[in-house]
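Below is one structure, written out as structure tokens; the observations come after it.
The values are calculated or read from the model by the stated rules, or taken from the named source; none is laboratory data. Just so you know, these numbers come straight off a predicted model, no measurement behind them. Note that we place each Cβ from the backbone using ideal geometry, even for glycine, and neighbour counts take in every protein chain shown. Heavy atoms of the whole protein, side chains included, go into the accessibility calculation; ligands, DNA and RNA do not. Shrake-Rupley method; radii C 1.70, N 1.55, O 1.52, S 1.80 Å.
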Amino acid sequence: MIEFQNISKTYTTNDRKITAVDQVNLSIDRGEIFGVIGFSGAGKSTLIRCVNLLERPDIGKVLVNHNDLLSLSKSELIDVRRKIGMIFQHFNLLESKTVFHNVGFPLSLAGVPRAKIKQKVEELLAFVGLADKADHYPEQLSGGQKQRVGIARALATDPEILLCDEATSALDPQTTSSILDLLRKVRDEYHITILMITHEMQVIKEICDRVAVMEEGRVIEEGSIFDVFSNP
Ligand code: ADP
Ligand code: ADP
């Protein structure tokens, strides 16, 4: 579903070079929940952003559904991107819009007719457990509720992949668990492949099928949770 083939990305700032991602190879299967864990600065965020080409690797290939992202035309890339949803640590909701319009926004942008948007948004708000919050504004919601809106919005365009960038890092442990339960439901009911980055071990242990450990841009361990974390 997602394949990183020997990708590297170096940033140059003030003549200093930082190799954020260093020769990474990973293969993530359809329907899998795959976690990337590591300390701050390990390169996790750069890696995940290579999946929707928010960052372009300098070398190597990124394949999504066997499409080589770097060789796609602009319009082909737009189609592939539409199949990739993303959620964020700080939720990135539009404060001036209601929950309903936040979730429907990607569909409005895509020119989907109003009636269809209404149907889809209502379905998604019911799915994330916020049917009664459609007319609320983000500032009226708790952190966990905001992330539920983020998840509903990410699902609006029927993605095949959901990228989670420290999606529970701003939440307390109990809220984190409820969001992880919801993500498991996203995978099970919508058959979406989930790639998440985090610095929290709880998250990896609770939900991921497989994990990669990153350090200084490199993947230093990879395997099932049991394989990677049951070292004596
Ligand atoms: P993580 O998500 O694991 O915290 P990042 O991918 O954000 O790691 O960062 C990896 C390294 O790349 C860090 O040293 C960071 O400072 C650097 N870096 C990330 N983005 C940029 C950028 N846009 N410009 C320069 N350096 C960057
Ligand atoms: P609002 O209704 O928030 O003032 P708009 O007039 O822009 O915003 O709404 C556009 C359309 O979005 C409405 O005609 C309606 O179909 C739909 N809509 C907005 N909020 C809701 C909601 N809570 N439940 C169902 N549909 C809604």
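Shape index of segment 186-232: Rg/Rh, with Rg the Cα radius of gyration and Rh the Kirkwood radius from the inverse mean 1/r over Cα pairs, equals 1.00.
A cut-off under 11 angstrom between Cβ atoms defines the neighbours of residue 105, and their net charge, with Lys, Arg +1 and Asp, Glu -1, is +2. Using the alpha carbons alone, the radius of gyration of segment 124-204 stands to its Kirkwood radius in an Rg to Rh ratio of 0.94.
Relative contact order for the chain: what is it in percent, counting Cα pairs under 8 Å that are at least 6 residues apart?
30 percent.
List the equivalent ellipsoid semi-axes of segment 90-134 in whole Å, largest first, each obtained as the square root of 5λ for an eigenvalue λ of the Cα gyration tensor.
16, 14, 8
When the listed pairs 185/205; 61/97; 61/185; 44/97 are checked against a 28 Å cut-off, the alpha-carbon distance exceeds it for 61/97; 61/185; 44/97. A simple rule links phi to the HN-Hα coupling: the Karplus curve 6.51 cos²θ - 1.76 cosθ + 1.60 with θ = phi - 60°, which for segment 13-26 gives 10, 6, 6, 9, 9, 10, 8, 6, 10, 10, 6, 8, 10, 8 Hz, with x for Gly and Pro.
With contacts taken as Cα pairs under 8 Å at a separation of at least 6 residues, segment 1-77 carries a relative contact order of 38 percent. The relative contact order of segment 77-177 comes to 48 percent, based on Cα pairs under 8 Å that sit 6 or more residues apart. Quick one: Debye curve from the C-alpha atoms of segment 63-148, no solvent, what's log10 I(q)/I(0) at q = 0.11, 0.14, 0.18 Å⁻¹? Summing over Cα pairs of segment 63-148 leads to -0.38, -0.59, -0.86. Secondary-structure-derived ellipticity at 222 nm for the chain, considering helices only, amounts to -11000 deg cm²/dmol, per-run term -39500 (n - 2.57) for DSSP H runs with n ≥ 4. Cross-link partners of residue 120 among aspartates and glutamates, defined as those whose alpha carbon lies under 12 angstrom from its own and excluding same-chain residues fewer than eight positions apart: 158. For residue 167, the residues whose amide H sits under 5 Å from its own are 197, ignoring neighbours fewer than 5 places away on the same chain, with H placed 1.01 Å from N.
For every other residue with a beta carbon closer than 11 angstrom to the beta carbon of residue 43, add +1 if it is Lys or Arg and -1 if Asp or Glu, then tell me the sum. Taking every Cβ under 11 Å from that of residue 43, the sum is 0.
Keeping every protein chain present and rolling a 1.4 Å probe, give me the accessible area per residue for segment 134-232 in Å². Working shown, then result.
On the way: 4410 Å² over 99 residues.
Counting only protein heavy atoms, the per-residue value for segment 134-232 is 45 Å².
Close amide H pairs (under 5 Å, H built 1.01 Å from N) link residue 221 with 213, residues at least 5 positions away or on another chain. Across every pair of non-identical alpha carbons in segment 45-87, the mean reciprocal distance, once inverted, gives a Kirkwood radius of 10.6 Å.
With all pairs of different C-alpha atoms in the average, the Kirkwood value for the hydrodynamic radius of segment 1-130 is 17.1 Å. For the chain, evaluate the Debye formula with one uniform point scatterer on each Cα (no solvent term) and list log10 I(q)/I(0) at q = 0.09, 0.13 Å⁻¹, rounded to two decimals. So the normalised log intensities are -0.38, -0.79. Scanning residues 5 or more positions from residue 136 or on other chains, those with amide H under 5 Å from its amide H are 99, 100, with H placed 1.01 Å from N in the peptide plane.
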